[in-house]
Amino acid sequence: MSMMFNQRVYLNNAATSFPKAPGVAEAVAGYITDIGSNIHRGQYKEALAAEETVLETRELLCALFHAPKPENVVFHKNITESLNLLILGIFKPGDHVLISSMEHNAIIRPLNHFTRNNPGFSYSVLPCTADGSLSLDGKLPLQEAVDQFMLKFLRPNTKAVMITHASNVCGTIFPLKEIGAFCQRHHLLFIVDSAQTAGHLEIDMQETGIHALGFTGHKGLLGPQGIGGIVLADQIIPLFQPVIVGGSGSHSENPYQPNDMPDKYEAGTPNLPGIYGLHASLNYIRTTGLQTIRDKEMKLTSKLIDNLQNAKGLKLIGSPDLDQRTAVLSFDFIGKDNALISYKLEKDYGLINRCGLHCSPLAHQTLGTFPRGAVRLSLSCFNTLEEIDYASKAILSVCRSS
Ligand SMILES: Cc1ncc(COP(=O)(O)O)c(C=O)c1O
């Protein structure tokens with residue numbers, strides 16, 4: 001191994017971002033060392049300071065996602081928990097749901113679990129092409145193509161569409177605005193998984209007609225693990241029963257969960273160190289600007305694609321079109337063992353990547369990489385062009401030598 005390959009480059013940001021935004025570590029530590037208070041459970045100075053930071057964090061999320069109001073921002077530990085609670089709290093036997101064939105297990109497993117326990121409930125999978133996009137008629141204008149396509153799967157009892165904004169395997173972006181318009185026309189709930197796009201792409205809940213937007217704090221939002229949640233439109237709140245109930249620090253005389261927002265869905269003490277960290281990362285995103293982050297990520301993605309486009313035996317999965325994708329790239333090393341390549345990239349070149357099925361077996365079936373999996377490199381705005389060149393050289397070297 002040449003001495004040239006002696007760096008460590010983190011390209012596993014779709015799993016969890018690293019490094020976190022500047023100020024996150026200090027904010028988490030500052031809460032623990034200087035504040036330490038719960039919220040809604042005391043009226044002293046530190047408790048009020050914590051209340052204020054939690055409210056500001058809701059306001060930052062509300063502004064980021066163009067949500068109706070900060071009290072509709074609900075904190076949970078991650079998007080998986082939020083998606084489970086939405087499924088358990090909204091759907092009933094007899095309901096039908098549409099998802100795509102690019103969903104993460106955070107949607108597929110809770111739906112399968114719910115189906116098993118609720119005979120009569122069902123879901124259908126909207127098929128996608130080998131580049132991870134909906135199987136639309138490309139000759140039609142986008143809205144017409146989406147309408148025509150989705151109509152084929154609509155049933156009289158269809159209640160909701162649950163869909164990821166972008167694939168965690170190949171980065172393909174779904175047309176949320178057009179899907180939202182279809183949902184509105186057919187009176188369907190529109191539930192979106194923003195795990196791979198929050199903090200990377202503009203999301204406008206109101207313009208897109210999203211009723212529930214799940215988010216997770218530790219990926220593109222650049223915050224710590226253990227904090228995530230959902231942002232709700234007003235219309236979905238009466239249809240969504242709380243699943244976890246208990247102390248909220250409010251209306252303690254009431255033996256039932258209060259209907260006030262966000263207390264209806266936030267029983268028990270929240271992850272306050274996590275919220276402090278997220279507060280700092282959201283401030284970083286706000287001051288940097290989403291477009292600046294997106295431009296940087298796409299510049300790096302474009303460089304990586306250019307560097308590797310002529311590599312023999314290497315196939316980029318998904319679309320090379322930058323407008324259609326995020327900075328999550330998976331590669332198939334044709335005729336080679338992708339798991340072994342992934343291992344070598346880390347061990348010999350220090351390239352931190354992720355191999356396997358990425359919790360998305362259906363997506364890999366769609367992309368033609370099941371069961372062998374693919375090597376995923378996922379970039380962040382903190383990567384540099386030098387790191388991308390280094391990573392490209394490492395991949396080309398592995399292609400030649402394996
Ligand atoms: C598309 C998608 N949805 C949901 C999740 C689950 O996120 P979390 O583990 O933070 O709940 C992930 C994580 O990889 C993801 O990529």
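The values are calculated or read from the model by the stated rules, or taken from the named source; none is laboratory data. Quick caveat: nothing in here was measured; it's all calculated off a predicted structure. Every residue, glycine among them, receives a Cβ derived from its backbone with ideal geometry; neighbour counts consider all protein chains shown. Note: areas computed on protein heavy atoms with side chains; ligands, DNA, RNA excluded. Shrake-Rupley method; radii C 1.70, N 1.55, O 1.52, S 1.80 Å.
Is it the case that residue 132 is assigned by TED's automatic domain parsing to the domain that holds residue 198 and surrounded by fewer than 19 Cβ atoms within 10 Å (Cβ to Cβ)?
no
For the range 57-71, enumerate the residues that are within 21 Å of residue 163 (Cβ to Cβ) and surrounded by fewer than 18 Cβ atoms within 10 Å (Cβ to Cβ). First the steps, then the outcome.
To start, the set of residues in the range 57-71 that are within 21 Å of residue 163 (Cβ to Cβ) comprises 61, 64-68.
Matches in the range 57-71: 66, 68.
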| Do we find that residue 99 is of a type outside the set (Ser, Thr, Tyr), closer than 21 Å to residue 206 by Cβ and within 12 Å of the ligand (Cβ to nearest atom) in this structure? | no
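If you take the residues in the range 194-219 that are within 8 Å of the chain's Cα centre (by Cα) and near the ligand (Cβ under 10 Å from one of its atoms), which one is nearest to residue 294 (Cα to Cα)?
Among those residues, the one meeting the criterion is 197.
For (1) open to solvent by 30 Å² or more (accessible area, probe 1.4 Å); (2) more than 22 Å from residue 223 (Cβ to Cβ); (3) in contact (Cβ under 8 Å) with a residue 60 or more places away in the chain, each residue gets a yes or a no:
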residue	(1), (2), (3)
21	no, no, yes
29	yes, no, no
45	yes, yes, no
78	yes, no, yes
81	yes, no, yes
90	no, yes, yes
93	yes, yes, no
101	no, yes, yes
115	yes, yes, no
| remark: When residue 154 is run through (1) more than 23 Å from the chain's Cα centre (by Cα); (2) of a type in the set (A, V, I, L, M, F, W, C); (3) open to solvent by less than 30 Å² (accessible area, probe 1.4 Å), the failure sits at (3)
| request: Determine if the range 201-209 includes at least one residue that is modelled with pLDDT of 95 or more and either under 20 Å from residue 81 (Cα atoms) or open to solvent by less than 10 Å² (accessible area, probe 1.4 Å) (or both). | output: yes
| task | Identify the single condition in (1) under 14 Å from residue 362 (Cβ atoms); (2) under 20 Å from the mean Cα position of the chain (by Cα) that residue 123 does not satisfy, given that it satisfies every other one. | result | (2)
| Any idea which of 54, 74 is more than 16 Å from the ligand (Cβ to nearest atom) and either open to solvent by less than 10 Å² (accessible area, probe 1.4 Å) or in contact with a strand residue (DSSP E or B) (Cβ under 7 Å, 6 or more places away or on another chain) (or both)? | 54
